[in-house]
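Chemist: Below you will find the structure I want to go over with you.
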Amino acid sequence: MATDLNKVQIIGRLGQDPEPNQTNGGKTVVNCSFATNYSYKDSDGKKIEQTDWHRVVFYSGLADVVSKYMTKGSRAYVEGRLKHGKFTDNDGIERYTTEIVASDLQMLDSKAT
């Protein structure tokens, strides 16, 4: 029997300082963005650099770690699952979201001694 898999892994940099909030159930949550960069050469051999932005949600213990130890620009490995959502904005337009719900975090910046 086949097993389903919804797994995402990124290594990137935190796009802004984390701002922890509380869910209705009292859990800590941090919504933030991570930037991942890559480069390639176009047909003329010119190096092209591109940045992709990813919405990431951290809950409970991971949210506490992110808010305590990470700041804008911090580099980290994030693992989690994709979650898609839909909502209607204030103008009545349906919008769609995709975010990574984090299940693992490894901070990659070295600390100066």
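Chemist: Starting at the first residue of region 64-80, write each ³J(HN,Hα) from the Karplus equation 6.51 cos²θ - 1.76 cosθ + 1.60 with θ = phi - 60°, in whole Hz, x for Gly and Pro.
Modeler: 5, 5, 4, 6, 7, 10, 10, 9, 3, x, 4, 9, 7, 9, 10, 10, x
Chemist: While we're here: Would you work out the charge dipole size for the chain about its Cα centre, treating the Cβ of every Lys and Arg as +1 and the Cβ of every Asp and Glu as -1, and quote it to the nearest 20 debye?
Modeler: Once rounded to the nearest 20, the dipole reads 260 debye.
Chemist: Pairs of alpha-carbon atoms within less than 8 angstrom and 6+ residues apart define the contacts here; what relative contact order does the chain have, in percent?
Modeler: Dividing the mean separation by the residue count of the chain yields 28 percent.
Chemist: Nothing charged except the Cβ atoms of Lys and Arg (+1) and of Asp and Glu (-1): what's the magnitude of the dipole of region 13-77 about its Cα centre? Round to the nearest 20 debye.
Modeler: Roughly 120 debye for region 13-77.
Chemist: Taking only DSSP H segments of four or more residues, each worth -39500 (n - 2.57), what value at 222 nm results for the chain once the sum is divided by all its residues, to the nearest 500 deg cm²/dmol?
Modeler: It lands at -2500 deg cm²/dmol.
Chemist: Now, a different point. Which one, GLY92, VAL78, ALA35, is farthest towards the positive end of the dipole of the chain when Lys and Arg carry +1 and Asp and Glu -1 on their Cβ?
Modeler: VAL78
Chemist: Can you compute 3J(HN,Hα) from phi for each residue in region 28-40, using the Karplus curve 6.51 cos²θ - 1.76 cosθ + 1.60 with θ = phi - 60°, rounded to whole Hz and x for Gly and Pro?
Modeler: 6, 9, 10, 9, 8, 10, 10, 9, 10, 10, 8, 9, 8
Read-outs throughout are calculated quantities, based only on the coordinates presented, and are distinct from any laboratory measurement. Remember, predicted model here, so these are calculated numbers, not experimental data. Note: ideal-geometry Cβ built from the backbone for every residue, glycine included; neighbour counts use all protein chains shown.
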